Amino acid sequence: MLFSKSRATDPAHDSDLIGVFLSQAERFARQPLLWRKVDKTYRPISWSEVERQAVALANALRDHGIESGDRVALVSENRPEWFVADLAILMAGAVVVPCYVTNTVADHLHVLDDSGAKAMVVSTPKLAPRAMEAASQARVTPFAIAIENTPRQQHTGIDVLSWSDLMVRYSNRPRPPTIAAIEPDDLAAIIYTSGTGGAPKGVMLSHANIRHNCRGAYEVLKTIGLGREVFLSFLPLSHSYEHTAGLHFPIAIGAQVYFAESLDRLSANMQEARPTIMTAVPRLYETMRNRVIRGLDTQSARKRTLFQSTLDMGLKKYHHPERMTLRDHVVDFVLDRLVRNKVRKRFGGRLKAMVSGGGPLNVEVGLFFHALGVPILQGYGQTESSPVISCNPPGKVRIHTVGPPVKNVMVRFGEDGEILVKGGNVMLGYWGNEKATHEAIDSDGWLHTGDVGMIDAYGYIQITDRKKDIIVNSGGDNISPQRVEGLLCLEAEIAQAMVYGDRRPHLVGLIVPDEEWLTRWKARANKDGTLAELAEDPDLRKALSDAIGRVNNKLGQVEKVRRFMIAPEPFTVDNDQMTPTLKVRRHILKSVYGHRLEKMYGAER
C-alpha cells in the first residue's frame, strides 16, 4: 500500500498492533508522535525514538524471563513511557495488564493474582508503595521496572530494575524475533472492568479485537478529512476506552498525542496542544457546560443576550432546519463569528470531533455544545467490545442516540430489549472465568451487553437503561435512575446525585452540592463550615429542595424524588465511589449510605 504524506491512513493490511506501529514508525520516522511537558513547554518525541525505546524494553523483558503469553502489569499515569511500555510488552510477545493509578493494595493484589503477572512496570515513587506491597503478597512474585527511581524502602523485597539503566543497556539491540511471531488472534491485553457492580473481571482482548475497533473508528471519522491529527491524552490509558481511542487509534492513523498535565490544567493544555480530536467522558462535558454558564454571570446583559440568541438559533437549526429562513441563516452566520468562534477557541480552535463515551451523555448537554458549534459525537461500548459498538458520525448527529453500529458490528435486541452484539470487536472472554464468559457470550457468539435499548428509523441505537440499574418500585413501575440523575445534575446547585428506591413506593435521593455554588451560597447565607458540617443545615436543604422541585416538575409521577439527603463528601475516585472514568459505583454508595436512605422511608410512617 502506498501512503500519502498528507493524509492519514489506517494500514489495514497489518492485522496486529505492532505491525501497524512499525509501519507508521517507518513512514513518519523523525516526525513527532508524542509531546511531553518539560520546563513549562511541550517537547516532541519522534516515532523513531518511541520505536527505539520500545525495542530496548522488549529485549530487556525477554532477557529477564518474560516469555510469549506472559502477563506484564502496567501501573502508570498517562505519559510517553506508557506508550513505550505497552508497545514493548507486545513486542516481547507478552500481554499488557493495565492497572488504575487509583488502585488500592487490595485492588492491585486482585489484578496480580488473577492475571498471574510475572513483571510490573511502575511509574512514580508516589504510585510504587501500593503496587510494591501488593507484589510482595502476590502468589507469583513479579519483578518490577521503575520508570522513575523509587526509594529502596518501597521495594518490599521485590527485584526492581531501573528504566533508564535498561534503556542504556539494551539501546543497540535489534528487534526481538517475537515480533514476527505475533498473530492477530494472540491475546494483547487483559483489561479489568472498573467494578461498578462488584469485583473486576479481566477482559481478554486480542490484537484483532483492538484493530477491528480502530478500523471502525477510522470509518466513522474519515469524513472529517483525517490528516496529521492531534490528540490530547487525559482519560486513563488503563481504561479500554482510552487504551483503544487514545493509544492504538492515534498510532493507526499516524496522529500526534499530547499528554495533559492534569484535569486542573486541561483547559490550559487545550490552548497549547490545540487538539483536532478529543475523547472524553460525559462528566467532563457537564463540567465544561456548567463553567460556561457560570462565566455568563460576570458578563454584561448584552453579551448574555447574544449568547442566548446563539443557543436559540443553534437549537432551531438542529430541531427544525426546514424552518430556517434566509434571515435566520444570515443571523446564524454573524453569531458564529461573534460567539461560537470564541467558544471553539476555548477548546484550542481547531477541533474536528469531540467524542463522548464511557457513559450516557445528557441530551441537554449535547444540545448545548451542538448549538454552540462544538458537536459532540456520542458513542457507545464497553470493555467487552474492545470497547466501541456504535458512534454518531460527523455531520449526522442524533444527540439522543449513540449512533449506528460501527462497520462490521452486528446488533440485535433480546426479548427484554437487551442489546446484543456480534463481530470482531467481541472479547475472547474473561480471563480464567469460563462461567462468566458463557454468561456474557452465548453459544452463537452474541455478547449480552446488559444494556437496554432500541433502534430508530435511521438505524441509530438509543440506550434506555442498564438492566442491572433499572429501579422497579413497589408498584411494579420501571424507572431509569440515569435519566433522573442526569436532570438533577443539570441544576446549578447539584454536582452529583444518586436516586434509590428499588421495591420501595417512590424515589429518594443522595445529593452532592456543586462546590462553586456552595461557596457562593455560604457567602450569601453567612454560613461557615465544610460540606460534612453543613449536610444537615436546614437552609442548605431548603436551597437544594428548590432545585429538586424544579426537576420534579419535569418528571413523571413515579420518577419524582420525594425526599433526599446531602452526602457529607463528593463521590470521588479516591473514596472508591466513582470509577476512574467517573461513573458512579452504585453498590459502594448503597453500602455506605443505604441504611440512611432506607431510614427516609421509615420517617414517613
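The values are calculated or read from the model by the stated rules, or taken from the named source; none is laboratory data. Nothing here was measured: the structure is a model prediction, and the numbers come from that model. Counting neighbours? That spans all protein chains shown, and the Cβs are built from the backbone with ideal geometry, glycine included.
Structure summary
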{"quantity": "Test: Val499 is over 24 Å from Glu418 (Cα atoms) and not aromatic (Phe, Trp, Tyr)", "calculated": "no"}
{"quantity": "Selection count where residues are part of a helix (DSSP H, G or I), under 25 Å from Leu447 (Cα atoms) and in contact with a Pro (Cβ under 7 Å, 6 or more places away or on another chain), scope the range 224-255", "calculated": "5"}
{"quantity": "Filter result for the condition that a residue is touching a Phe, Trp or Tyr at 6+ places or on another chain (Cβ under 6 Å) and farther than 21 Å from His243 by Cβ, over Ala106, Ala60", "calculated": "Ala60"}
{"quantity": "Unique residue being among the basic types (Lys, Arg), within 30 Å of Leu351 (Cα to Cα) and free of Cβ contacts under 8 Å to residues at least 40 places away in the same chain when the list is Lys396, Lys435", "calculated": "Lys396"}
{"quantity": "Complete set of residues in the range 570-584 that are in contact (Cβ under 8 Å) with a residue 12 or more places away in the chain, surrounded by 18 or more Cβ atoms within 10 Å (Cβ to Cβ) and farther than 18 Å from Leu490 by Cα", "calculated": "Gln577, Thr579, Pro580, Thr581"}
{"quantity": "Flag if Pro250 is under 19 Å from Pro394 (Cβ atoms) and not assigned by TED's automatic domain parsing to the domain that holds Pro387", "calculated": "yes"}
{"quantity": "Residue that is farthest from Arg27 (Cα to Cα), among those in the range 256-269 that are part of a loop (DSSP other than H, G, I, E, B) and either without any contact (Cβ under 8 Å) to a residue 60 or more places away in the chain or of a type in the set (A, V, I, L, M, F, W, C) (or both)", "calculated": "Asp264"}
{"quantity": "Condition broken by Arg562, with the remaining ones in (1) in contact with a Lys or Arg (Cβ under 7 Å, 6 or more places away or on another chain); (2) part of a strand (DSSP E or B) satisfied", "calculated": "(1)"}
{"quantity": "Boolean, Leu221 is surrounded by fewer than 24 Cβ atoms within 10 Å (Cβ to Cβ), assigned by TED's automatic domain parsing to the domain that holds Leu87 and assigned to a loop (DSSP other than H, G, I, E, B)", "calculated": "no"}
{"quantity": "Selection count, the range 438-479, where residues are aliphatic (A, V, I, L, M) and within 13 Å of Val402 (Cβ to Cβ)", "calculated": "5"}
{"quantity": "Selection count, the range 241-279, where residues are hydrophobic (A, V, I, L, M, F, W, C) and modelled with pLDDT under 90", "calculated": "1"}
{"quantity": "For His448: the one exception among (1) outside the structural domain of Val512 (by TED's automatic domain parsing); (2) surrounded by fewer than 14 Cβ atoms within 10 Å (Cβ to Cβ); (3) not aliphatic (A, V, I, L, M)", "calculated": "(2)"}
{"quantity": "Test: residue in the range 487-495 that is assigned by TED's automatic domain parsing to the domain that holds Ile548, in contact with an Asp or Glu (Cβ under 9 Å, 6 or more places away or on another chain) and free of Cβ contacts under 8 Å to residues at least 60 places away in the same chain", "calculated": "yes"}
{"quantity": "Qualifying residue in the range 161-170 (condition: at pLDDT 95 or above, in a strand (DSSP E or B), of a type outside the set (D, E, K, R) and in the same structural domain as Ala119 (by TED's automatic domain parsing))", "calculated": "yes"}
{"quantity": "Residue list for the range 128-137, restricted to those being surrounded by fewer than 21 Cβ atoms within 10 Å (Cβ to Cβ) and either touching a helix residue (DSSP H, G or I) at 6+ places or on another chain (Cβ under 6 Å) or among the charged types (D, E, K, R) (or both)", "calculated": "Pro129, Glu133, Gln137"}
{"quantity": "Selection within the range 171-195 - β-branched (Val, Ile, Thr), in a loop (DSSP other than H, G, I, E, B) and closer than 16 Å to Leu87 by Cα", "calculated": "Ile182"}
{"quantity": "Residue list for the range 544-569, restricted to those being under 16 Å from Ile494 (Cα atoms) and among the aliphatic types (A, V, I, L, M)", "calculated": "Leu544, Ala547, Ile548, Val551, Val561, Met565, Ile566, Ala567"}
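Yes/no per residue for (1) in contact (Cβ under 8 Å) with a residue 60 or more places away in the chain; (2) at positive phi; (3) within 32 Å of the chain's Cα centre (by Cα):
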position	(1), (2), (3)
Ala134	no, no, yes
Glu148	no, no, yes
Gln154	no, no, yes
Gly157	no, yes, no
Leu161	yes, no, yes
Ser164	no, no, yes
Ile179	yes, no, yes
Ala189	yes, no, yes
